[in-house]
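Below is one structure; the comments refer to it alone.
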Amino acid sequence: MSAGSPPEFESRRADWLGVAEAEGRILGAATPLDDESVPLLDSIGRALAEDARATATLPPWDNSAMDGYAARSEDVRGASPDAPRVLRVIGLVRAGEARTGAVGEGEAIRIMTGAPLPAGSDSVVRVEDTDAEATAGIVHVYSDRDAGRNVRPGGEDMRAGDRVLERGDTVHVGAVAVLAALGRTQLLVHRRPRVAILTTGDELRTPDRYEDVVAGAGVPESNGPMLAAAVLAAGGDPVSLGVAPDDPDAVRSALRRGREADVLVTVGGASMGEADLVKRVLDGEGFRQEFWRVRMRPGSPFGFGWLPAARPQPVFSLPGNPSSAFVTFELFVRPFLLRLAGHRHVHRPRLRCTAGEPLTGAEDLEVFLRVTFDALGAPPTVRSTGPQGSGLVRGLASAGGLAILPLGVSAIETGGAVDVILLDDGRRAAISEAAF
């Protein structure tokens, strides 16, 4: 750069990518992190770095689906209250006991739920369809509805060698049950991404200086805690770099403290104002910009690029307004972190909803409105959380989703269909329960 010429970032033209293209470029650059072995219960929320295969056939043998009498179907067919079938009870088998004995013609064995089915039998007659051995050793069967039924076949769940979970699957509560059934106590999972977060701006006030906010002399610093929580919710480990004032040396020092992280997220300084120093400092550190600006609202001054390192460090430049930072993290940073952590599925679910009021967009931008679920029906009805200014924070607490108004759609009228990204919190269960 010659003396007197503007920094490179000031002469760069905005890319104005569409949301889908921006997300595609970001996810296309995400490579899962290294793997590590962790105890089973420490794997919750992590992504498997290996396939999990069955080490045994489960169940190992045909077994009873209920308490009753193991018998041959031909010996109980035709049974009725008026014409009961009478069988000789030759034994008892409980769950956990080895498979012993065999059922012959006219015989039955008392059996408990989960117990191995005796040889020769193919049915379990429920106790309530019998006289429960009113005479010891003899059982009267009053119905044939269980002929050939109530038997769980061996290998019905899995057979030794089956691939039951795949690399990239997320370990959740149900997966823990499966892995425990495989006898696993340690798992190979991908490492959690470490995410350094830097917020910038002379106007920001942390809680220790909140009196300035009360006096109207500052703005509360909500982005740092919000994004740290978002990183945690996405399975990452947040690293706070604090709040840097609008001073190049302070910004540079903070950025360098975060160079060991897997990902760097900067908040503020994403536009072209005189005090927007983040890009200027990044350029001085060898930053390579992939793109800057996306056709969206809120959050259009979003950028993505790389800082040089043995493993180049991805850098997300988020706008400083809280709702802009929230939405751009949801759309771009969160999926990237999940992909880094090895997850195969990285997108939130979307649900077709009904607009409960007019929803306003912008024809030249893709708009993401914070909405609440007003009427939980099928489909659910959504309404705006309130004013949608990007600097507002209150509506983030009540937002159950982000309503999408695509490019070219300036408004959706009351009763119109609208796609909504479901946010990951307790409201999703209520939405699903009511809608389905």
* To do: Specify the inter-centroid distance of segment 284-318 and segment 188-257, based on alpha-carbon positions, in whole Å.
  => 17 Å
* To do: List the pair-distance distribution P(r) of segment 318-380, using every Cα-Cα distance, as the percent of pairs falling in each 10 Å bin from 0 up to the bin containing the longest distance, rounded to whole percents.
  => 17, 36, 36, 10
* **Column: log10 I(q)/I(0), Debye, Cα scatterers of segment 103-224, q = 0.17, 0.22, 0.23 Å⁻¹** => -0.95, -1.24, -1.31
* Structure fact -> Here the equivalent ellipsoid of the chain, derived from its Cα gyration tensor, has semi-axes (largest first, whole Å) of 62, 26, 18
* Two decimals is fine: what is log10 I(q)/I(0) at q = 0.23 Å⁻¹ for segment 268-343, from a Debye sum with one equal scatterer on every Cα and no solvent? => -1.11
* To do: Based on a Kirkwood Rh over C-alpha pairs, give the Stokes-Einstein translational diffusion coefficient of segment 201-335 at 20 °C and viscosity 1.002 mPa s in µm²/s.
  => 141 µm²/s
* Of Val178, Val315, Val151, the one that fluctuates the most in a GNM where the chain has Cα springs shorter than 10 Å -> Val151
* Asked: Which whole-Hz couplings ³J(HN,Hα) result when phi for each residue of segment 14-22 is put into the Karplus expression 6.51 cos²θ - 1.76 cosθ + 1.60, θ = phi - 60°, listed in order with x for Gly and Pro?
  -> 5, 7, 6, 6, x, 4, 4, 5, 4
* What would the Debye formula give as log10 I(q)/I(0) at q = 0.14, 0.24 Å⁻¹ for the alpha-carbon point model of segment 63-152, no solvent? -> -0.37, -1.16
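State the antiparallel share, in %, of DSSP beta bridges confined to segment 63-152, rounding to the nearest 5. All intermediate terms of the calculation are to be shown ahead of the outcome.
Working: 16 of 21 bridges.
The antiparallel proportion sits near 75 percent.
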* To do: Quote the Stokes-Einstein diffusion coefficient, in whole µm² s⁻¹, for segment 1-122, based on the Kirkwood radius over alpha carbon pairs, a temperature of 20 °C and a viscosity of 1.002 mPa s.
  => 100 µm²/s
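Calculate the FRET efficiency for Glu97 and Arg163 from the Cβ-Cβ distance with a Förster distance of 30 Å, rounded to the nearest 0.05.
0.45
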* Structure fact -> Dividing the alpha-carbon radius of gyration of segment 297-436 by 2.2 N^0.38 Å, where N counts its residues, gives 1.11
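Laboratory data are not the source of any read-out in this text; all were calculated from the coordinates shown. Since we're looking at a predicted model, the values are computed, not measured. Positions of Cβ are generated from backbone atoms using ideal geometry, with glycine treated the same way; all protein chains shown enter the neighbour counts.
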